[in-house]
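The values are calculated or read from the model by the stated rules, or taken from the named source; none is laboratory data. Since the structure is predicted, the reported quantities are computational estimates derived from the model, not experimental observations. Neighbour counts run over all protein chains shown; Cβ positions are idealised from the backbone, glycine included. To get the accessible areas, we keep the full protein, side chains included, count just its heavy atoms, and leave off ligands, DNA and RNA. Shrake-Rupley method; radii C 1.70, N 1.55, O 1.52, S 1.80 Å.
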Amino acid sequence: MEQHHEHHGHEHHGHAHGAAGSPVSWGAAARATLHCLTGCAIGEVLGMVIGTALGWGNVPTMVLAIVLAFFFGYALTLRGVLTAGVDLRTAIRVALAADTLSIAVMELIDNGVIALWPGAMDAHLSDPLFWIVLAIALAAAFVITTPVNKWMIGRGRGHAVVHQYHH
């Protein structure tokens, strides 16, 4: 029995190297989305914590959560790009190009679910409903944003731009 383990079908690294029209694995798109989602989740929970602590209403708290979600979403990408030795201006341009659509779609879905879910807007951090709805909202955002990222990376945009700097 010969052991030929050539990795043709499996894109282990899944990095699309910016070549427009190159096939992008769902894994690569999912990783890019997860990266973004992590930043969004951190920002959103932090926004809720700060808004609740300051006794703010729903709208200012949500605005703060969205601003922080963008901030942390960009920050995670920036960190990755800066470690590749790119100057800050280029890194910021890359992060903005890579994540703006991704974070925007994510926040739209995420906040849409929370806003439309009965009672979710008024649920406090100690309320299990808050965390359940947030988890469902983030899961929905992940499922919807992954194809967006896959399409963008396939066109040499989005995280394809980021991955050029990772090697």
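Which count do you get for residues in region 116-130 that are free of Cβ contacts under 8 Å to residues at least 40 places away in the same chain, within 20 Å of Leu54 (Cα to Cα) and surrounded by 13 or more Cβ atoms within 10 Å (Cβ to Cβ)? Looking only at that region, the number is 3.
Which one is nearest to Phe142 (Cα to Cα), of the residues in region 79-96 that are open to solvent by less than 60 Å² (accessible area, probe 1.4 Å) and in contact with a Leu (Cβ under 9 Å, 6 or more places away or on another chain)? So that I can check it myself, show each step before the final result.
Step one: of region 79-96, the residues open to solvent by less than 60 Å² (accessible area, probe 1.4 Å) are 80-81, 84, 86, 90-91, 94-95.
Add one more test, that the residue is in contact with a Leu (Cβ under 9 Å, 6 or more places away or on another chain), and what stays is 91, 94-95.
Working: Ala91: 24, Val94: 21, Ala95: 19 Å.
Only one residue fits best here, namely Ala95.
Inspection of region 8-20 identifies no residue that is surrounded by fewer than 20 Cβ atoms within 10 Å (Cβ to Cβ) and at pLDDT 80 or above.
Evaluated against (1) modelled with pLDDT of 85 or more; (2) open to solvent by 50 Å² or more (accessible area, probe 1.4 Å); (3) over 25 Å from Arg79 (Cβ atoms), Leu108 falls short on exactly one condition, (3). Within region 22-58, being part of a loop (DSSP other than H, G, I, E, B), aliphatic (A, V, I, L, M) and surrounded by 18 or more Cβ atoms within 10 Å (Cβ to Cβ) holds for one residue alone: Val24. When each of Ala69, Ala65 is tested for being closer than 19 Å to Thr146 by Cβ and surrounded by 21 or more Cβ atoms within 10 Å (Cβ to Cβ), the lone residue that passes is Ala69.
Yes/no per residue for (1) without any contact (Cβ under 8 Å) to a residue 40 or more places away in the chain; (2) more than 18 Å from Ala141 (Cβ to Cβ):
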{"position": "Leu34", "(1), (2)": "no, no"}
{"position": "Thr38", "(1), (2)": "yes, no"}
{"position": "Val45", "(1), (2)": "no, no"}
{"position": "Gly57", "(1), (2)": "yes, yes"}
{"position": "Phe70", "(1), (2)": "yes, no"}
{"position": "Thr77", "(1), (2)": "no, no"}
